[in-house]
Amino acid sequence: MSFNQLYIFVGDLLPFLPDQIVFIFSGLSMAITICTFILGIGAIYTWFERRVLAKFQSRVGPNRWGPFGLLQPIADAIKLILKEDIIPRAADKSVFIVAPIIFLATTLLVYSFIPIGDDSQLGGLNVALLFVLGITSINALTVFMAGWASKNKYAILGSIRAVAMLISYEVPMAVSLMGVVMLSESLSLVDIVNSQSSMPFILIQPLGALTFLIAAIAEMSRAPFDMVEAESELIGGYQTEYAGMKFAVFQLSEFLTPIFTAAFFTVLFLGGDSGFSFIPGIIWFASKTFLVTSILLWFRATWPRLRIDQIMGFAWKVLMPAAILNTLLVGLEIVFLNENYLFQILINSIVVCIFIYLIANILGQKKLILRNPVPSELANMDAN
Amino acid sequence: MSVNNELVTVNFGPQHPSMHGVFRMRVTLDGETIVDIEPVFGYLHRGTEKLTEERTYVQIVTLTDRLDYVASMSNNLAYVSAVEKLCSIEVPKRAKYIRVIVAELQRIASHLMATGFLLQDLGTFGTPLMYCFREREKILDLFEILCGARITLSYMRPGGIFQDTPNEFWSELETFMDNIPGQINELESLITGNEIVLSRTRNIGVLSPEDVINGSLSGPMLRASRVKWDLRKANAYEIYDELDFEIPIGATGDTFDRYLVRVKEMKESIKIINQCAKLIKPGPVRNEDVPLVIRAPENEAYAAVEGPKGELGFYLVSDGGISPYRCKIRAPSFMNLTLLKEMAIGGKIGDLIVNFGSIDIVLGEVDR
Amino acid sequence: MYGLGLFKGLSITLKNLILVNRTNTIQYPDKKASILDLAKNEKKNLILYIIKNPLNTVKSFLGLISITQHAPQHPRFRGEEFSWYEERCTGCASCAKYCPLGIIKIVTDQTGKNYQEGQSYDIETFDIDIGRCMFCGLCVEACPYDALHMGSGFEESQYQRDNLVINVEKLKKTEKKPSHWFRPQLASKKDYSPFDDEVKWDSVGRHQKPTQKDLKNKWIRSDIE
């Protein structure tokens, strides 16, 4: 049920109420429903992530509270609420308190425009794509607020990294979405889903999807781009001074972002809730999102972290050309190969392979060559 | 427009997720670049060298467990060989074989831990660390069969080892030895080819052969910088002269080579253990003439072994009493820290952590 | 090609995710039991067990049943429940002298019988401060009459440090389950496991404690009389 349906339903049910009150009532109830639902999903996701990560690492994971440890998020929440809420004496108090709230608010806000079913849940905004991009970039600001207000050197270093990184990855991310917008000829997420009914965009523009996925991983600062709160370097990054419920809010938002990224990726490139019609759309959507989240988790379990200059170089030297190339290709194909999807897929796949091969050969090395070590003459036991 | 540029001094440690133990570095940063670094240690100082002066020679074995607490067997071996040199005690052949086996098992355990923590410092979310610890756990189980403890072993005594191996040890060792090469290969294919690891570790913290010799480094740090030097061959103690093994060296002396040398050394250790398990024969394991309270002649002795981290030496001076007059410990971790500054300056914060992780120190040994 | 190493790594972690036997964790003190564990516990066929106990089946599927599990221990384990045999102890305090930390305190009463070898005094105090003990086992090594042994348990945690001191009453009361540490005579004994069996004083020693008659024969020689 979306906001529009609820609005009409309440209006029909209680026709004597003034229009504004019905509007406010249905809007509020819808917002509360979404928030509760999303936070619940987030809580379950924390359990899922910890459990699956443990299996990847051949551990057991949380299994004490409830069946399979499912009540673990509740136990965690109780523990974090009961903890002392510490505000450092040197901290900028108001900013310190406001930062986690804004962080959670922006994270929750973007969820309202993800279309599940015919319409997005809280109002079909016709420039939803732009809106989502704008809202997600507020995160950089909040991270900086948190880091600056903590008056801690690790926190400041973390937040400086965050701003530098999030701003650079914003650019290739936005440019890689241009292809999607050009193909669907709309900025509305609902239209983008509808235009993928015959062919998901990931097949038509694999380069765009890849660029977007990498940029999005960096944007939510998860491994291998988790520079912002790099544990082995900066302890907790901008979260270092946070404790208790404020810390919990940050953590919850961080656990919510991968779900959102996966959902957004599903909408943009995997065709949203479209699929074989004998399975309801919501299940399609959920399973696609789940798949993308699991892949993100798999990356996190396996790969180490890149260094800050390597991350910045990757954004400008690899992702940016890739995103521009993708836009160029899609533009050319729209002009010359109108609606001939199979031909487009063929051309784009070849271009992706050539591009990755070239980039790998220019920027990287072909493969690991282990040089044969030559013993130094200063002290060589074999020589004696 | 001029940018106001100020240097920032940040404390890394003593409480920091990637500081091994309670090490502290006072780092001066220019943005992300390291300008200066000053190591501060002594937070774990327990006065081990002084404590030895009022303990009998056998009691000191328990102190050596607590020096490098991830490689107790090597410490025991180094100490008891110093005492044996001091008092000229004969060691039975079987004891020597068992000592070599446990020392090499300990080397594998220590190198696994070093590799795991290096990868943890690189920013993996604990996965290689857990795999390393899973294998290390099996080695600790073997130690528990041998001597009833897992970390603080107190296994060796001047004149041999405290007690012969139980029967189940050899079958357990065989299962372990069948299993470990596959696990190390798996670990290697998880790490060695990984492009992110390569880009993070190659050409980072390069040390030239001149540097490492001038800094009196030892162990994998030395060998990664192309210096082929190993006490097991250079000063074949115990029975290493009867065994066939290679000394792996690195190609450039960077962080990646230090990791690779450790992995190769683990494979050599496996070779050594397999040879020993074949060669070992039944017999006495402890020189029965050695009393519980040894009264050493007025003399001095230095004995060193190739521990997992480098040359671990004990220098004992005796005044004819039941405890040493002076005991100096040459701790490899402490010596290997010498070149941290040279490795780190000019790099980024991430490089500093990785360089530091590749030294593989244990604070119990650094501060003593 | 560049990038293949990354995917190789992914395949390794996936392998570890799928292969269940890679997990090496021992859950202590209890573990969540599966149906298989429950059926094994009652020594029944799995299908029979499911038919007979449908409630337990559902519960165990939900992970609500836990069974106790002990960490595997080896016979030489140096545990903190010291096994001390009053009958064998002569009060010589070798253990106290040999302890690197000096945490054993022995006070004897000399009114007992005075024989030259194997003198047996009444032991008034035998305090082992296991709060400071490092379980090196040197006291056991030093004991000439095999009276003191390392124990096999390790679950003696207390709320106060004072309670960690094992005194003579406690030592007398403890179940005697000596560990194999430095006691080869126990290891060579067939089927002895320190976790199941209790051992009497007369069967732990390398040599038997001499009887009064033996001592008389040895020390009070007839040719002097």
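The values are calculated or read from the model by the stated rules, or taken from the named source; none is laboratory data. Worth saying up front: this structure is predicted, and the values here are computed from it rather than measured. In this analysis, Cβ positions are derived from the backbone assuming ideal geometry, glycine residues included, and neighbour counts consider all displayed protein chains.
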**Residues located in segment C:138-151, provided they are at pLDDT 80 or above and more than 19 Å from C:GLU175 (Cα to Cα)** = C:LEU138, C:CYS139, C:GLU141, C:ALA142, C:CYS143
**Request:** Collect the residues in segment A:223-263 that are among the small types (Gly, Ala, Ser) and either without any contact (Cβ under 8 Å) to a residue 40 or more places away in the chain or within 14 Å of another protein chain (Cβ to nearest Cβ) (or both), keeping them in residue-number order.
**Result:** A:ALA223, A:ALA230, A:SER232, A:GLY236, A:GLY237, A:ALA262
**Fill in**
Only unsatisfied item for B:CYS327, checking (1) closer than 30 Å to A:GLN310 by Cβ; (2) surrounded by 20 or more Cβ atoms within 10 Å (Cβ to Cβ); (3) touching a Leu at 6+ places or on another chain (Cβ under 9 Å), is (1)
**Message:** Just to verify a result, which residue in segment A:56-71, among those that are assigned to a helix (DSSP H, G or I) and surrounded by 19 or more Cβ atoms within 10 Å (Cβ to Cβ), is nearest to the other protein chains (Cβ to nearest Cβ)?
**Reply:** A:PHE56
**Item:** Among (1) of a type outside the set (Val, Ile, Thr); (2) outside any helix (DSSP H, G or I); (3) without any contact (Cβ under 8 Å) to a residue 24 or more places away in the chain, the one test that B:HIS20 misses
**Value:** (3)
**Item:** Residue check, B:THR28 farther than 22 Å from B:LEU118 by Cβ, modelled with pLDDT of 85 or more, surrounded by fewer than 20 Cβ atoms within 10 Å (Cβ to Cβ) and polar (S, T, N, Q)
**Value:** yes
**Prompt:** Which one of A:VAL335, A:VAL318 is closer than 20 Å to A:ASN348 by Cβ and within 14 Å of chain B (Cβ to nearest Cβ)?
**Reply:** A:VAL318
**Prompt:** Given B:THR52, B:THR115, which one is surrounded by 19 or more Cβ atoms within 10 Å (Cβ to Cβ), within 14 Å of chain A (Cβ to nearest Cβ), touching a residue at least 24 places away in the same chain (Cβ under 8 Å) and part of a helix (DSSP H, G or I)?
**Reply:** B:THR115
**Request:** Return the total of residues in segment A:265-309 being within 14 Å of chain B (Cβ to nearest Cβ), in a helix (DSSP H, G or I) and either basic (Lys, Arg) or surrounded by fewer than 17 Cβ atoms within 10 Å (Cβ to Cβ) (or both).
**Result:** 2
**Request:** State which residue pairs qualify: first residue within 26 Å of A:CYS353 (Cβ to Cβ) and inside segment C:4-19, second residue part of a helix (DSSP H, G or I) and of a type in the set (Asp, Glu) in any location, beta carbons under 7 Å apart, and separation of 6 or more residues or different chains.
**Result:** C:GLY5/B:GLU195; C:LEU6/B:GLU195; C:ILE12/B:GLU186
**Prompt:** Does A:ILE81 fit the bill of being touching a residue at least 12 places away in the same chain (Cβ under 8 Å), in a helix (DSSP H, G or I) and of a type in the set (A, V, I, L, M, F, W, C)?
**Reply:** yes
**Message:** Conditions first: (1) within 26 Å of the chain's Cα centre (by Cα); (2) over 28 Å from B:PHE125 (Cβ atoms). A:ILE38 passes all but one, so which condition is the exception?
**Reply:** (2)
**Request:** Could you tell me whether segment C:42-53 includes any residue that is under 38 Å from the mean Cα position of the chain (by Cα), more than 14 Å from every other protein chain (Cβ to nearest Cβ) and touching a residue at least 24 places away in the same chain (Cβ under 8 Å)?
**Result:** no
**Item:** Enumeration of residues in segment B:118-137 that are assigned to a helix (DSSP H, G or I), of a type outside the set (S, T, N, Q) and farther than 18 Å from B:VAL261 by Cβ
**Value:** B:LEU129, B:MET130, B:TYR131, B:PHE133, B:ARG134, B:GLU135, B:ARG136, B:GLU137
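Here is a yes/no grid of residues against (1) part of a loop (DSSP other than H, G, I, E, B); (2) touching a Phe, Trp or Tyr at 6+ places or on another chain (Cβ under 8 Å); (3) within 14 Å of another protein chain (Cβ to nearest Cβ):
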| position | (1), (2), (3) |
| --- | --- |
| A:SER29 | no, no, no |
| A:ILE32 | no, no, no |
| A:PHE37 | no, no, no |
| A:PHE48 | no, no, yes |
| A:ILE74 | no, yes, no |
| A:ILE87 | yes, yes, no |
| A:PRO100 | no, yes, no |
| A:LEU129 | no, no, no |
**Asked** If you go through segment B:187-227 one residue at a time, how many are more than 20 Å from B:PHE356 (Cα to Cα) and either buried (at least 23 other Cβ atoms within 10 Å of the Cβ) or at pLDDT 90 or above (or both)?
**Response** 3
**Request:** Kindly check whether there is at least one residue in segment C:32-55 that is under 30 Å from C:PRO178 (Cα atoms), surrounded by fewer than 19 Cβ atoms within 10 Å (Cβ to Cβ) and touching a strand residue (DSSP E or B) at 6+ places or on another chain (Cβ under 7 Å).
**Result:** yes
**Item:** Close pairs from segment B:137-160: first more than 8 Å from every other protein chain (Cβ to nearest Cβ) and closer than 21 Å to B:VAL91 by Cα, partner among the basic types (Lys, Arg) and surrounded by 24 or more Cβ atoms within 10 Å (Cβ to Cβ), Cβ under 7 Å, at least 6 apart
**Value:** B:MET156/B:ARG99
